[in-house]
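What follows is a set of notes on a single structure, which appears directly below.
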Amino acid sequence: MNRKYSHGGISLSGFFYTSIVFGIVVITVMRLFPLYNEKMKVDFSLEKIAGHKESAKMTKTEIIKLIMRQFEVSEVRRWNTAEFAKILKVERLKSGKGKVIKLNYEIRGPLFGELDAVLKYDKTFKLGDLVTD
């Protein structure tokens, strides 16, 4: 009996190349995750504050105080109150009914060596728009 066997699988060099590519992807994800995680915490905090019914009636100082308290709970430690007050904008809507908060900044973190990853954050939330508690 003359049977031909086909060998399936991966060669040793193929395994090494695959491992290297997989390792680079894993390291990149590990480096970028803290930036993305912080962005998600900031989103959550601002959405929560914007969702309060009374937030549209608050002053900028009161809104900042609430957001900073939410940041403390979410463990966002990027800014102190004075720094955050400079980048947060509270504006009235053109219709005169309600306010919006705007946050625009960059999160910068190391990727490889002298190469940095930059995540640009630019969001606007209407105050009192959502009803959550």
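The values are calculated or read from the model by the stated rules, or taken from the named source; none is laboratory data. Keep in mind it's a predicted model, so treat the numbers as computed, not measured. Cβ coordinates were reconstructed from backbone atoms using ideal geometry, including for glycine residues, and neighbour counts include every protein chain displayed.
Please go through the range 19-37 and give me each residue that is among the β-branched types (Val, Ile, Thr) and either over 20 Å from the mean Cα position of the chain (by Cα) or surrounded by fewer than 13 Cβ atoms within 10 Å (Cβ to Cβ) (or both), ordered by number.
Let us first name the residues in the range 19-37 that are among the β-branched types (Val, Ile, Thr), namely 20-21, 24-29.
Selection gives Ile20, Val21, Ile24, Val25, Val26, Ile27, Val29.
Given the criteria within 30 Å of Gly23 (Cβ to Cβ), part of a helix (DSSP H, G or I) and basic (Lys, Arg), does Lys41 qualify?
On the way: within 30 Å of Gly23 (Cβ to Cβ): yes; part of a helix (DSSP H, G or I): yes; basic (Lys, Arg): yes.
When the stated conditions are applied, Lys41 passes them.
Out of all the residues in the range 19-40, is one or more modelled with pLDDT of 95 or more and either of a type in the set (S, T, N, Q) or over 27 Å from Phe112 (Cα atoms) (or both)?
yes
Report, by residue number, each residue of the range 116-133 that is modelled with pLDDT under 90 and loosely packed, with under 14 Cβ neighbours inside 10 Å.
Val131, Thr132, Asp133
If Arg77 satisfies every condition in (1) out of contact with any helix residue (DSSP H, G or I) (no Cβ under 7 Å at 6 or more places or on another chain); (2) within 20 Å of Tyr121 (Cα to Cα); (3) surrounded by 16 or more Cβ atoms within 10 Å (Cβ to Cβ) but one, which is the exception?
The failed condition is (3).
I'm trying to understand the selection: among the residues of the range 47-72, which are loosely packed, with under 12 Cβ neighbours inside 10 Å and either without any contact (Cβ under 8 Å) to a residue 60 or more places away in the chain or touching a Phe, Trp or Tyr at 6+ places or on another chain (Cβ under 7 Å) (or both)? Show your work before the answer.
Looking only at the range 47-72, we keep the residues that are loosely packed, with under 12 Cβ neighbours inside 10 Å, and these are 54, 59, 61, 72.
Result: Thr59, Thr61, Glu72.
I'd like to know if the range 48-58 contains one or more residues that are among the charged types (D, E, K, R), at pLDDT below 90 and under 18 Å from the mean Cα position of the chain (by Cα).
Of the residues in the range 48-58, the ones among the charged types (D, E, K, R) are 48, 53-54, 57.
Narrowing further to those that are at pLDDT below 90: 48, 53-54, 57.
So of that shortlist, the ones also under 18 Å from the mean Cα position of the chain (by Cα) come out as 48.
Among the residues of the range 48-58, at least one is among the charged types (D, E, K, R), at pLDDT below 90 and under 18 Å from the mean Cα position of the chain (by Cα), which makes the answer yes.
For the structure I just gave you, tell me whether Gly14 is more than 28 Å from the chain's Cα centre (by Cα) and either loosely packed, with under 14 Cβ neighbours inside 10 Å or within 30 Å of Lys99 (Cβ to Cβ) (or both). Spell out the reasoning first.
On the way: more than 28 Å from the chain's Cα centre (by Cα): yes; either loosely packed, with under 14 Cβ neighbours inside 10 Å or within 30 Å of Lys99 (Cβ to Cβ) (or both): yes.
Yes.
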